[in-house]
Ligand code: GTP
Ligand code: MG
């Protein structure tokens, strides 16, 4: 039965485990992790809720910049989904923004069980300079970048094709690096993302 569920790439159980800032606060059980990172308001929490079929697992805010902690969610009692703090919210001071950089880099540096990093960018826009910095950190710390373009329901198919090219170019993605168009309203891209996240 469990095998069947896994083959279907379904998340059947998800629970919030803990919030952390410092490595000493991360879970200690060595399960594999998949981290999600992106600009504030890009749709990280919404995507986590869509993947897990839960409406309120990760908090969704209309006030950007609310998630300032690293949140760990245990999925199918098997892997952690890690919601990293959003960056680039204009109303936050430079000092606060620098802190976020530290939190994220410390995590990328000190997490051997981290298997995949998903970078969320907005389908509608050219990635920001901070998205490019994030992409470079992910690469620098030795991870493949999986790019998820969020809010794909808000633009036409033609624009998606055009923007995908701009996003690939701006982030300097290698050909083998995956880019997935995603929408939490239409659920486009959900199966593809789950397949990548849950594969061993
Ligand atoms: P922070 O926690 O502040 O870093 O933001 P976040 O990246 O977690 O964004 P969040 O999931 O809170 O979403 C921000 C806003 O975008 C919310 O109003 C969501 O409803 C909306 N949103 C997210 N994903 C989608 C999507 O795929 N389509 C549409 N139309 N709206 C979306
Ligand atoms: Mg959030």
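Every number here is computed from the coordinates shown, using simple stated rules; none is lab data. Given the structure is predicted, the values throughout are model-derived calculations rather than measurements. Here Cβ is always computed from backbone atoms with ideal geometry, including for glycine, and neighbour counts include all displayed protein chains.
Here are some notes:
- For the chain, share of DSSP beta bridges that run antiparallel, in % to the nearest 5: 35 percent
- Computed over the chain, the per-residue total of -39500 (n - 2.57) for DSSP H runs of n ≥ 4 gives a 222 nm mean residue ellipticity of -10000 deg cm²/dmol, rounded to 500.
- Entry note, the stretch 45-158: relative contact order of 18 percent, from Cα contacts under 8 Å with a spacing of 6+ residues.
- Segment residue 113..residue 133, full-extension length gain: 4.9 nm, with 0.36 nm per residue of separation and the alpha-carbon distance subtracted.
- With each label modelled as a point 7 angstrom along the Cα→C-beta vector, the residue 53-residue 76 pair spans 1.3 nm.
- Among 180, 133, 103: highest mean-square fluctuation, GNM of the chain, C-alpha pairs under 10 Å: 133
- Fully extending the segment from residue 161 to residue 187 would add 7.6 nm, taking 0.36 nm per residue of separation and subtracting the current Cα-Cα distance.
- Residue 178/residue 28 FRET efficiency (R0 35 Å; Cβ-Cβ; nearest 0.05): 0.70
- On the principal axes of its alpha carbon atoms, the stretch 81-139 extends 32, 28, 20 Å, with the longest extent given first.
- Over all orientations, the chain has a Cα convex hull whose mean projected area works out to 10.9 square nanometres.
- Each of 102, 122 was scored by other Cβ atoms within 10 Å of its Cβ. Arranged with the fewest first, they read 102, 122.
- Between residue 12 and residue 124, the simple label model (points 7 Å from Cα in the Cβ direction) yields a spacing of 3.8 nm.
- Mean separation of Cα contacts under 8 Å (6+ apart) over length of the chain, as relative contact order %: 22 percent
- Estimated FRET transfer efficiency when R0 is 41 angstrom, pair residue 98-residue 168 (beta carbons, to 0.05): 0.90
- Arranged from fewest to most other beta-carbon atoms within 10 Å of their beta carbon, 166, 79 become 166, 79.
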